[in-house]
Amino acid sequence: MTIRAARAADAAAIAAIYAPAVLTGTSSFEMAAPDAAEMAARMARVQDRGWPWLVHETMGTVDGYCYAAQFRDRPAYAHSAETSIYVAAAAHRTGIGKALLMALDGVAAAAGFRQLIAVIGDSGNTASIRLHTACGYVHAGQLHQVGEKFGRLLDVVYMQKSL
């Protein structure tokens, strides 16, 4: 198992990992799954700013990813990052998510971030809430019924970790 910086060649695997969250889940509020080209562009935007985008590989196969990008696009937020993490369905509950989030701490700090903020779509996403709690994040708030997907009104949970 390896955690490393993502490369453009990882974009198809990253898109494949993310697609089920978009198409069948509520952890992402996107409605259409981005293709590999779009994921490569997103990755480049993050990495070009010096922010981290990591992948987890098992036996040469990318099975999870995470990244940190400035929380809001204003100078006052320069040291606060929103994090995102997705793990391939076949690799859920294997420790990959925890390994990725813990690895993100060091590279996010090296990029100048002091606060990490998880914006968890769907307050019913207990797996993500448990994962973030296990990695040292604390509950920082909840917005009620701010998203709608699959005919359901959804909450957003904010969790925060100080580096």
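Side notes on the structure shown:
- Sub-9 Å Cβ pairs linking a first residue in the stretch 30-56 that is of a type in the set (Val, Ile, Thr) and modelled with pLDDT of 95 or more to a second residue that is surrounded by 13 or more Cβ atoms within 10 Å (Cβ to Cβ) and assigned to a helix (DSSP H, G or I), at least 6 apart or interchain, are Val55/Asp10; Val55/Ala13; Val55/Ile14; Val55/Leu100, ordered by first then second residue.
- Ala33 vs. criteria touching a Leu at 6+ places or on another chain (Cβ under 7 Å) and crowded, with 19+ Cβ neighbours inside 10 Å: no
- Matching residues in the stretch 121-149 - criterion: being in contact (Cβ under 8 Å) with a residue 12 or more places away in the chain, closer than 25 Å to Met1 by Cβ and not in a loop (DSSP other than H, G, I, E, B): Ala127, Ser128, Ile129, Leu131, His132, Thr133, Ala134
- Of all residues in the stretch 81-111, exactly one satisfies the criterion of being in contact with a His (Cβ under 6 Å, 6 or more places away or on another chain) and either assigned to a strand (DSSP E or B) or under 19 Å from Met159 (Cα atoms) (or both), namely Leu100.
- Residues of the stretch 102-124 classified as of a type outside the set (D, E, K, R), more than 20 Å from Ala78 (Cβ to Cβ) and either surrounded by fewer than 18 Cβ atoms within 10 Å (Cβ to Cβ) or in contact with a Lys or Arg (Cβ under 9 Å, 6 or more places away or on another chain) (or both), total: 5
- Within the stretch 96-108, being without any contact (Cβ under 8 Å) to a residue 60 or more places away in the chain and among the small types (Gly, Ala, Ser) holds for Gly97, Gly106, Ala108.
- Yes/no for Arg93 being exposed (fewer than 12 other Cβ atoms within 10 Å of the Cβ) and either touching a residue at least 40 places away in the same chain (Cβ under 8 Å) or of a type outside the set (A, V, I, L, M) (or both): yes
- The residue list Met43, Met31 contains one member that is part of a loop (DSSP other than H, G, I, E, B) and of a type outside the set (Gly, Ala, Ser), which is Met31.
- Matching residues in the stretch 129-143 - criterion: being surrounded by fewer than 21 Cβ atoms within 10 Å (Cβ to Cβ) and closer than 30 Å to Pro75 by Cβ: Gly136, Val138, His139, Ala140, Gly141, Gln142, Leu143
- Residue selected from the stretch 60-78 under the condition within 17 Å of Ala13 (Cα to Cα) and free of Cβ contacts under 8 Å to residues at least 40 places away in the same chain, by the criterion nearest to the chain's Cα centre (by Cα): Cys66
- Restricting attention to the stretch 2-28, the residues being more than 21 Å from Gly124 (Cα to Cα), assigned to a helix (DSSP H, G or I), of a type in the set (A, V, I, L, M) and over 14 Å from the mean Cα position of the chain (by Cα) number 6.
- Residues of the stretch 58-80 include none that is outside any strand (DSSP E or B) and among the β-branched types (Val, Ile, Thr).
The values are calculated or read from the model by the stated rules, or taken from the named source; none is laboratory data. Computed from a predicted model, the values in this text were never measured in an experiment. Because the Cβ atoms are built from the backbone with ideal geometry, glycine has one as well, and the counts that use them run over all protein chains shown.
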